[in-house]
Amino acid sequence: MRRRYIVKDLLREITQTLNPCIPRASREAQLLVMKYLEVDELWLITHQNSEIEATEQLFEWVKRRKNNEPFEYITNSVSFYSEEFYIDEGALIPRPETELLIDEVIKSVPDKNSALTFAEVGVGSGIISIMLAKYFKNSKIIAVDISPKALHVAQKNIEKFGLQEQIELRLGSLLEPVSEKIDYLVSNPPYIEEGVDLESNLSYEPQNALFGGTVGDEIIKELLDEVLKQKIKFFSCEMGYDQQDKIRTHIQEKDFKSIEFYKDYSSFDRGFTLEV
Ligand SMILES: C[S@@+](CC[C@H](N)C(=O)[O-])C[C@H]1O[C@@H](n2cnc3c(N)ncnc32)[C@H](O)[C@@H]1O
């Protein structure tokens, strides 16, 4: 069913529906309408009295948002590192702080023409491998995930960016499906402690993308062991804000060149780069 609306009336009606379930309901209403009409902020401000047509789809989106389903899953779209990616419930919604992990890799490899072989463990929607492949145009990336649903999302994004030649997806756990010599391992693994109560909107996200084990850092430690065993030259990894000490302790007796930890936008520890 199609209905005609004056933009400002439509925004008011959606705001009233979202209130009080969703904080900042009026902003959320604007975002939903902008996405639905495929218009930008300037259009919305300058067309408050214009008449538009709204179909059931918009009201279905509003209903889902009222139930606290993330905006990105509703609209199948997420922005990361200034690019738009496809997303659905099969994969974790990329977080802004993961952009810092890409910056870490770029910092460690000054020559963007390097012909490196990367592996990514836990590719999810593909954002990390895709941004690395775009930057390091001569590189090859083997991207692993334990979830077939996540690999499906990653495949869609790889095709969207035309990177099928550079990125190969493999189903499996950790580095098990990778037999090639790897120069650089990158990962944003699940690192939350099992049983921790999360905000309600996180219940929509795949739980195996969030929880890393009974302590939380189990996957990170397994990857560290593998990197040291295989003598992979670099390993950049995201981690929890309270995991630095445990990671240092885990590798203190081992043979490697350096480990540098980095902080996120709120000045919490968020990851590290290990050079072997
Ligand atoms: C935190 S998400 C990261 C997704 C994406 N790289 C990002 O940064 O948005 C972790 C991903 O690791 C995958 N995963 C969990 N356990 C794994 C394992 N043992 N081996 C490979 N992938 C795993 C999950 O399915 C999920 O896609």
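The values are calculated or read from the model by the stated rules, or taken from the named source; none is laboratory data. Please read these numbers as outputs of a predicted model, since none were measured by experiment. Note: ideal-geometry Cβ built from the backbone for every residue, glycine included; neighbour counts use all protein chains shown.
Among the residues of region 212-269, those identified as touching a Leu at 6+ places or on another chain (Cβ under 9 Å), surrounded by 13 or more Cβ atoms within 10 Å (Cβ to Cβ) and among the hydroxyl-bearing types (Ser, Thr, Tyr) are Ser236, Tyr262. Remark: pairs (first residue in region 238-249, assigned to a helix (DSSP H, G or I); second residue acidic (Asp, Glu) and surrounded by 19 or more Cβ atoms within 10 Å (Cβ to Cβ); Cβ separation under 9 Å; 6+ apart in sequence or on different chains) = Lys246/Asp217; Ile247/Asp217.
Whether any residue in region 55-68 is under 25 Å from the mean Cα position of the chain (by Cα), under 26 Å from Tyr241 (Cβ atoms) and either more than 16 Å from the ligand (Cβ to nearest atom) or not in a helix (DSSP H, G or I) (or both) is what I want to check. Checked against the condition, which is being under 25 Å from the mean Cα position of the chain (by Cα), under 26 Å from Tyr241 (Cβ atoms) and either more than 16 Å from the ligand (Cβ to nearest atom) or not in a helix (DSSP H, G or I) (or both), region 55-68 yields at least one hit. Please specify each residue of region 151-176 satisfying the condition of being within 12 Å of the ligand (Cβ to nearest atom) and more than 19 Å from Leu116 (Cβ to Cβ). Passing the criteria: Leu151, His152, Val153, Ala154, Asn157, Leu171, Gly172, Ser173, Leu174, Glu176. Taken over region 197-237, the criterion of being farther than 26 Å from Thr117 by Cα and without any contact (Cβ under 8 Å) to a residue 12 or more places away in the chain is satisfied by Asp197, Glu199, Leu202, Ser203, Gln207. The set of residues in region 70-121 that are surrounded by fewer than 18 Cβ atoms within 10 Å (Cβ to Cβ), part of a loop (DSSP other than H, G, I, E, B) and among the small types (Gly, Ala, Ser) comprises Ser77, Ser82, Ser114, Ala115. Looking at region 132-150, which of its residues are within 10 Å of the ligand (Cβ to nearest atom) and either aliphatic (A, V, I, L, M) or surrounded by fewer than 20 Cβ atoms within 10 Å (Cβ to Cβ) (or both)? Those that are within 10 Å of the ligand (Cβ to nearest atom) and either aliphatic (A, V, I, L, M) or surrounded by fewer than 20 Cβ atoms within 10 Å (Cβ to Cβ) (or both): Ala143, Val144, Ile146, Ser147, Pro148, Lys149, Ala150. Counting only residues that are under 16 Å from Asp145 (Cα atoms) and either among the hydrophobic types (A, V, I, L, M, F, W, C) or more than 12 Å from the ligand (Cβ to nearest atom) (or both), region 204-229 holds 6 of them. Of the candidates Asn68, Asn138, the single residue that is farther than 28 Å from Ser173 by Cβ and in contact (Cβ under 8 Å) with a residue 60 or more places away in the chain is Asn68.
Of all the numbered requirements in (1) part of a loop (DSSP other than H, G, I, E, B); (2) modelled with pLDDT of 95 or more, Lys149 misses one, and that requirement is (1). Residues in region 197-237 that are of a type outside the set (D, E, K, R), assigned to a helix (DSSP H, G or I) and over 12 Å from Phe272 (Cβ atoms): 11 in all.
Determine whether Val62 is in contact with a helix residue (DSSP H, G or I) (Cβ under 7 Å, 6 or more places away or on another chain), closer than 27 Å to Phe268 by Cβ and surrounded by 15 or more Cβ atoms within 10 Å (Cβ to Cβ). No.
Take Ser203 and tell me if it is modelled with pLDDT of 95 or more, of a type in the set (Gly, Ala, Ser) and surrounded by fewer than 22 Cβ atoms within 10 Å (Cβ to Cβ). No; evaluated as a whole, the condition is false for this residue. Being within 18 Å of the chain's Cα centre (by Cα) and touching a residue at least 12 places away in the same chain (Cβ under 8 Å) is not true of Glu28.
If you filter region 230-276 down to residues that are within 14 Å of Asp217 (Cβ to Cβ) and of a type in the set (S, T, N, Q), you find that the one that is nearest to the chain's Cα centre (by Cα) is Gln243.
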